[in-house]
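Quick notes on the structure that follows.
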Amino acid sequence: MTKPESQALSREDILLLAAFLIALAATLGALFIGEVMGQMPCTLCWYQRIAMFPLVPILGLSMWRGDGVARPYAVPLTLAGLALAGWHAGLYLGIVPEAIVPCTADGPSCSGPSQMIFGLPIPYLSLAAFAAILTCLLVPKGNQT
């Protein structure tokens with residue numbers, strides 16, 4: 001039995017790979033900020049990490065196995081993370097009528113200039129990462145043209 005020389009990636013494979021790479025980058029970025037830069041995460045950031053970190057093995061194993069069964073496990077985590085990141089961004093923006101209490105009660109504040117990455121606050125980056133992962137997971141299947 002011969003193995004095909006080249007097997008084109010399907011649209012679903014590419015989207016799963018993109019979701020995996022986004023989750024991996026977000027996880028490595030959070031670990032870099034905490035472990036290398038020495039900036040402790042606030043309470044809301046911890047909760048967002050709880051939703052983001054498991055996405056790496058879930059999406060990675062689904063890609064490796066080629067079974068595409070990541071959605072039932074990854075979508076609820078992504079929705080939870082998106083809700084937390086949305087709340088956190090709303091607090092940061094002042095849309096949610098409350099001071100950024102969760103950020104200063106048990107840890108550092110996400111509102112300081114030292115908490116900016118690429119000129120953006122960490123809550124915005126988290127919101128963008130969860131939104132991008134969810135988009136990759138929910139794009140309907142279709143034929144690659």
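The values are calculated or read from the model by the stated rules, or taken from the named source; none is laboratory data. What you see is a predicted model, and the numbers here were worked out from it, not measured in a lab. Note that we place each Cβ from the backbone using ideal geometry, even for glycine, and neighbour counts take in every protein chain shown. Ligands, DNA and RNA are excluded from the accessible area calculation, which covers all protein heavy atoms including side chains. Shrake-Rupley method; radii C 1.70, N 1.55, O 1.52, S 1.80 Å.
Computed quantities for the displayed model
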{"item": "Amide H within-cut-off set for VAL96, under 5 Å, with H built and near neighbours excluded", "result": "LEU91"}
{"item": "Ordering of 80-88, 122-130, 57-65 by packing [mean C-beta count within 10 Å, highest first]", "result": "122-130, 80-88, 57-65"}
{"item": "PHE53, PHE20, reordered so the largest accessible area comes first (probe 1.4 Å)", "result": "PHE53, PHE20"}
{"item": "Cβ-Cβ FRET estimate between ILE50 and GLU12, R0 fixed at 35 Å, reported to 0.05", "result": "0.85"}
{"item": "Probe 1.4 Å, all protein chains present, accessible-area order of ILE95, ILE22, ILE14, largest first", "result": "ILE95, ILE14, ILE22"}
